[in-house]
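The values are calculated or read from the model by the stated rules, or taken from the named source; none is laboratory data. Remember, predicted model here, so these are calculated numbers, not experimental data. Please note that ligands, DNA and RNA were not included when accessible areas were found on the heavy atoms of the full protein model with its side chains. Shrake-Rupley method; radii C 1.70, N 1.55, O 1.52, S 1.80 Å.
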Amino acid sequence: MKKNRSIKVMMWIIIGIVFFFLIELLWSDVILATMKEEKSEDDLLPFYWLLLIVGGSIVCTLSYVSWRKYQGEKKEKQHRDNDKLID
């Protein structure tokens, strides 16, 4: 069971790395295209704010969910340990 789970985790890590590099390639094309247009930094300021707000929201949400999962697993382990003591 654990072997199967570790294989899935490794697969997701590899997929994430591949997507990261693909996005990096696409993003560099976008940056080069914007540099050719010679946009000023003020034109991109709302875009940076949007990235900051959306990215921050995602990070906060994932952190909260993982913390709640950690707390739930901790309580579940305590309940299992208490049940073993009763038996």
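Lys74 meets the conditions (1) assigned to a helix (DSSP H, G or I); (2) at pLDDT below 85 in every case but one. The failed one is (2). For the condition open to solvent by less than 100 Å² (accessible area, probe 1.4 Å), modelled with pLDDT under 75, assigned to a helix (DSSP H, G or I) and aliphatic (A, V, I, L, M), Val18 does not qualify.
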